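The values are calculated or read from the model by the stated rules, or taken from the named source; none is laboratory data. Treat the numbers as computed from the prediction; the structure is a model and nothing was measured. Because the Cβ atoms are built from the backbone with ideal geometry, glycine has one as well, and the counts that use them run over all protein chains shown. Remember, those area values only see protein heavy atoms, side chains included, never the ligands or the DNA or RNA. Shrake-Rupley method; radii C 1.70, N 1.55, O 1.52, S 1.80 Å.
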Amino acid sequence: QVELVESGGGLVQGGGSLRLSCAASGRIFRINTMGWYRQAPGKERELVATITSGGSTNYVDSVKGRFTISRDNAKNTVYLQMNNLKPEDTAVYYCNQYIQSRFYESQRGYWGQGTQVTVSA
């Protein structure tokens, strides 16, 4: 059994910063790609950023230059540093990790519980 626990959301003024964390626990052999998604009211969930096990990153255009994804493999944790936040960044943010629980099993995608980020104008 694997669990992802997110933290770090909240209310911030436009131009401010927040740092999200997502820690995995349970039966973990290896964690491959980690990522952050977000879902605003009335909209579909969208990919924000991903980071591979080798450290390669990918961002949606709207956050490039403002958000930074990183990972700490020793802590099974992925982070999202969000700077210069805008009202349009307001959403519930979800982490996603592709985890292999045993060496002989295929990876499986797990989701965090979601954390609210609200940016005021």
Cβ-Cβ under 7 Å pairs, at least 6 apart or on other chains, the stretch 82-108 side among the basic types (Lys, Arg), far side assigned to a loop (DSSP other than H, G, I, E, B): Lys86/Gly14; Arg102/Phe29
Among residues of the stretch 86-110, those that are open to solvent by less than 40 Å² (accessible area, probe 1.4 Å) and over 20 Å from Gly42 (Cα atoms), counted: 7
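Hey, any hits in the stretch 52-60 for a residue that's within 20 Å of Gly10 (Cβ to Cβ), modelled with pLDDT of 95 or more and either touching a His at 6+ places or on another chain (Cβ under 8 Å) or open to solvent by 70 Å² or more (accessible area, probe 1.4 Å) (or both)?
Keep residues of the stretch 52-60 that are within 20 Å of Gly10 (Cβ to Cβ), which gives none.
The answer is no; no qualifying residue exists.
Restricting to the stretch 1-25, name every residue that is part of a loop (DSSP other than H, G, I, E, B) and in contact (Cβ under 8 Å) with a residue 40 or more places away in the chain. First the steps, then the outcome.
Filtering the stretch 1-25 down to residues part of a loop (DSSP other than H, G, I, E, B) leaves 1, 8-9, 14-17.
Answer for the stretch 1-25, where residues must be part of a loop (DSSP other than H, G, I, E, B) and in contact (Cβ under 8 Å) with a residue 40 or more places away in the chain: Gly8, Gly9, Gly14, Gly15, Gly16, Ser17.
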The listed residue being open to solvent by 20 Å² or more (accessible area, probe 1.4 Å), within 26 Å of Gln1 (Cα to Cα) and of a type outside the set (Val, Ile, Thr), out of Gln81, Gln113: Gln113
Residue match in the stretch 35-42 (condition: closer than 22 Å to Thr90 by Cα, in a loop (DSSP other than H, G, I, E, B) and open to solvent by 30 Å² or more (accessible area, probe 1.4 Å)): yes
